[in-house]
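Read the structure below first, then the notes.
Each reported figure results from applying straightforward, stated rules to the coordinates on display, with no laboratory input. Since the model is a prediction, treat every value here as computed from it, not as a measurement. Virtual Cβ from ideal backbone geometry, glycine too; neighbours counted across all protein chains shown.
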Amino acid sequence: MRRKGILVVVSGFSGAGKGTLMKNLIKNYDNYALSVSMTTRSPREGEENGKEYFFVSKEAFEEKVKQDGLVEYACYCDNYYGTPREYVETQLGMGKDVILEIEIQGALKVKEKFPAALLLFVMPPSAKQLKQRLAGRGTETPEVIEKRMRRAVEEARGIESYDYILINDDLEICTKELHSIVSAAHNSIDRNEEFINNMRQELNVLVKGEK
Ligand code: ADP
Ligand code: 5GP
């Protein structure tokens with residue numbers, strides 16, 4: 001029986017280390033497919049089109065929405081971000097665990113459309129370290145950092161909608177924890193209904209046959 005892929009949503013405050021964590025996960029384990037989102041924000045230094053994001057104009061983004069080409073999309077700090085549908089569906093079909101690194105409004109939409117999705121929230125070890133990491137990344141102006149810190153206050157109110165938190169203190173430990181949670185989810189009762197029902201039927205047949 002081929003294992004079905006799990007749709008894994010990873011959210012967390014900007015600067016918590018989601019991107020770093022995702023890169024480390026992909027480097028260390030095989031069965032993950034990382035969805036590349038579409039965004040209207042400008043690339044940061046070092047970011048490549050098609051790698052971190054598909055960087056598009058507002059018009060191109062709106063066209064994609066019109067074509068129903070996105071699983072979900074949201075506005076975050078004045079820019080649009082969305083998950084292209086095709087890649088997600090193909091990879092799940094191939095049995096890959098598909099990771100969506102998206103913010104909270106998008107995560108809630110995914111949960112509505114795919115109730116079996118696994119929702120994880122990445123936290124820094126402390127709020128102080130969050131600010132230090134945001135500043136240390138050196139990619140945003142002080143105004144944008146302030147905006148993202150205020151957004152973190154709002155996002156912290158929604159954590160109860162998630163299944164698990166991940167504390168990104170030591171990157172390697174956090175990566176292993178993430179992989180363990182996804183691995184355990186593959187064995188959950190509700191993700192194995194078909195196997196369980198087949199077993200029940202086989203048991204019935206065997207027991208009746210033995211009479
Ligand atoms: P996000 O994708 O959540 O916005 P990033 O992955 O860009 O966050 O990380 C923000 C900054 O924090 C980066 O400079 C990154 O190198 C650093 N960082 C990420 N994880 C850790 C960690 N476990 N310990 C220390 N610094 C980290
Ligand atoms: P950044 O500009 O730091 O790359 O991303 C800003 C926020 O947008 C992060 O919280 C990130 O997880 C989120 N994000 C990235 N891609 C998507 C997406 O496709 N959909 C949604 N809803 N949020 C996204």
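Over all other residues within a Cβ to Cβ distance under 11 Å of residue 28, the charged ones net out to +1, with Lys and Arg as +1 and Asp and Glu as -1.
With respect to the chain, whose longest principal axis is taken over its alpha-carbon atoms, helix 171-185 is tilted by about 40°. Below 8 Å, C-alpha to C-alpha, sequence gap of six or more: please give me the relative contact order for region 55-140 in percent. This gives 18 percent for region 55-140. Think of each Lys and Arg Cβ as +1 and each Asp and Glu Cβ as -1; about the Cα centre, that makes the dipole of the chain roughly 220 debye.
First obtain the Kirkwood hydrodynamic radius of the chain from its Cα pairs, then insert it into the Stokes-Einstein equation at 25 °C and 0.890 mPa s, and state the resulting D in µm² per second as a whole number.
Values: Rh = 18.7 Å.
Estimated via Stokes-Einstein, D reaches 131 µm²/s.
What ranking do 84-91, 155-162 get when scored by the average of other Cβ atoms within 10 Å per residue, highest first? Spell out each step's value before the answer.
Values: 84-91: 15.5, 155-162: 14.0.
Ranking the peptides 84-91, 155-162 by packing returns 84-91, 155-162.
So what is the calculated 222 nm ellipticity per residue for the chain, using -39500 (n - 2.57) for each DSSP H run with n of 4 or more, over all residues, to the nearest 500 deg cm²/dmol? Walk me through the numbers on the way to the answer.
Details: 8 runs with 98 residues, N = 211.
Value at 222 nm, helices only: -14500 deg cm²/dmol.
Relative contact order for region 19-102: 35 percent, from Cα pairs under 8 Å spaced at least 6 residues apart, divided by residue count. When peptides 107-119, 38-50, 11-23 are sorted by average Cβ neighbour count within 10 Å, with the highest value leading, the order is 11-23, 107-119, 38-50.
Which whole-number percent gives the relative contact order of region 76-197, counting Cα pairs below 8 Å spaced six or more residues apart? Please report the intermediate quantities before stating the final value.
Numbers: 63 pairs, mean separation 32.9, N = 122.
RCO, region 76-197: 27 percent.
Over region 114-199, all Cα pairs binned in 5 Å intervals from 0 give whole-percent P(r) values of 3, 11, 17, 17, 17, 13, 8, 6, 4, 3, 1, 0, listed from short to long.
Structure remark: mean-square fluctuation, Gaussian network model of the chain, C-alpha springs under 10 Å; the largest value among 36, 65, 122 belongs to 65. Of the residues 143, 177, 62, the one with the fewest other Cβ atoms within 10 Å heads the list, and the complete ranking is 143, 62, 177.
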